[in-house]
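To start, the structure under review is shown below, and the notes come after it.
Please treat every number below as a calculation from the coordinates, not as lab data. Remember, predicted model here, so these are calculated numbers, not experimental data. As a convention, Cβ positions derive from the backbone with ideal geometry for all residues, glycine included, and neighbour counts pool all protein chains shown.
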Amino acid sequence: MTYASGRLIHDADSHLMEPVDCLDPYFDKRLLARFRETPQMRELLAGRAEWIRERLDLQSDAEFRADADGELMVRKNYEAQGAWLRDDRPHALDGLGFASQLVFTTHCLGNFGLDQGDDMDLCYAAADAHNRMMTDFCSVDPRLLPVAYIPLEEFHRTLASAKLAIELGAKALMVPSRCPQNHAPSHIALDPLWAMAEEAGLPVVLHVGGETKLNPVYKKNGLPPVPDFHGGDDNFTSVSYMPIPEAAMQTLATLIFDGVFDRFPNLKWGAIELGASWLPGWMRSLDSAAHAFMRNEERLQNLSAKPSEIVRRQLRVAPYPHEDAGWIIANAGEEVCMFSSDYPHVEGGRNPLKRFDESLKGTSARGVERFYSENFIDLMGDGLSPELRHPAMMPA
């Protein structure tokens, strides 16, 4: 029996757990040495590189592998089945029982901060190397849907990077939540990017890692450091959790108000691992802003519908397992939310299905169906082949 127990479930968020040098085989050889000398890479190479490799080497240990199936939802991060050995991932997905998984990076989220620098050669080379790695990993099984990363800093390079990603076989295009350095994410010169994604039938998604980070001064409270979710003080704490969706809310609002969603009405957008408790209030704020400023802003007068209705038409969002998904759906609409496991990240927990099922007890049968499968199918468009959308379910 699989973890999904025969139910039709599509997973909007899963990850690789890569070694620090994961991009080396895919990087432009002329730029690799320069990339390895960037501050973030030097820190990574000098930090946990050896420890990460030791954890990943367990995947080749016969005794460790013997228990893999029974530990599928227990082992997390680098020790999880299929975390990095690509030939193991289809078997892990068999055990999970999900019809498909969007697959994101872990190590490369945020593109090493290069989008915010001045070396655009490295910025786009790192993104292209990441996209080659992701499509290569996922090529072993059509259920694994690779997510490419597309920087938005330079218009002509952005189009070239997106074109390459689509040719490589990417099934979704991830863009950063935070604003590019010199123009809005809604700039009309990016319209060819959205047109390219719409024509290919692929969604554009935002994901945690590309957001504006917590101002570190908030940690200077005169108290002892707080250990984070992973045991340190540099990643995931209650305080740093709070601003995670801020950049996404601003970016998506700008795209809607500036007419990008309307200019590309068949283009779907996703907000993944950014939580969703913010969603109902944000939708109301969108409508309030449109109502308050419509008299003076022609762009708002030209919107095809209320912003909240545009959200329901084109945006799909994945709540965290610890959030009350039922409440979010009740207040945002059944069209928007999707299931995600975050496999194999520890944040996903050992039983996300149980937590979501409990929060969905008051949701209609149709709403539950939309949450676990239909909203994801709608998001993915041509990125999800027809035979994967409603595969024959094995009995529980």
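Charge tally for Ala148 (other residues, Cβ to Cβ under 10 Å; Lys, Arg +1; Asp, Glu -1): +1. Nearest 0.05, what FRET efficiency do Arg284 and Asp24 give at R0 = 30 Å with Cβ-Cβ as r? Here the calculated transfer efficiency is 0.05. Using the Cα centre of the chain as origin and beta-carbon charges of +1 (Lys, Arg) and -1 (Asp, Glu), tell me which of Ala127, Ala4, Gly281 is placed farthest towards the positive end of the dipole. Comparing the listed Cα positions along the dipole, Gly281 ranks first. Cα-based values for the chain, radius of gyration first and Dmax second, are 20.5, 69 Å. Qualifying GluC sites (Glu not before Pro) in region 32-62, where qualification requires a DSSP coil assignment and no more than 12 other C-beta atoms within 10 Å, comprise Glu37.
Taking all Cα pairs closer than 8 Å and separated by 6 or more residues, the relative contact order of region 316-396 comes to 34 percent.
Using the Cβ-Cβ distance between Phe293 and His183 with R0 = 25 Å, the FRET efficiency computed as 1/(1 + (r/R0)^6) comes to roughly 0.70. A simple spin-label model places pseudo-atoms 7 Å from Cα toward Cβ; at Ala49 and Asp69 they are separated by 3.8 nm.
Cα convex hull, region 267-327: 86 Å³ per residue, rounded to a whole number. For chymotrypsin sites (Phe, Trp or Tyr not before Pro), no site in region 1-95 is both called loop by DSSP and has at most 13 other Cβ atoms within 10 Å.
Over the chain, DSSP H runs of length four or greater, each weighted -39,500 (n - 2.57), average out per residue to a 222 nm ellipticity of -10500 deg cm²/dmol. Which shape class, rounded, prolate or oblate, goes with region 140-271 when its Cα gyration tensor gives a ≥ b ≥ c as root eigenvalues, a/c under 1.5 marks rounded, and past that a/b bigger than b/c marks prolate? Verdict is prolate for region 140-271.
Neighbours of Asp57 by Cβ distance under 12 Å: Lys/Arg scored +1, Asp/Glu scored -1, total -1. Here the relative contact order of the chain, from alpha carbon pairs under 8 Å that lie six or more residues apart, stands at 20 percent. Taking a Cβ cut-off of under 12 Å around Ala160, the surrounding Lys, Arg, Asp and Glu residues balance to a net charge of -1, with basic ones at +1 and acidic ones at -1.
The simple Förster model, with R0 at 56 Å and r as the Cβ-Cβ distance, assigns Val217 and Glu358 a FRET efficiency of 0.90.
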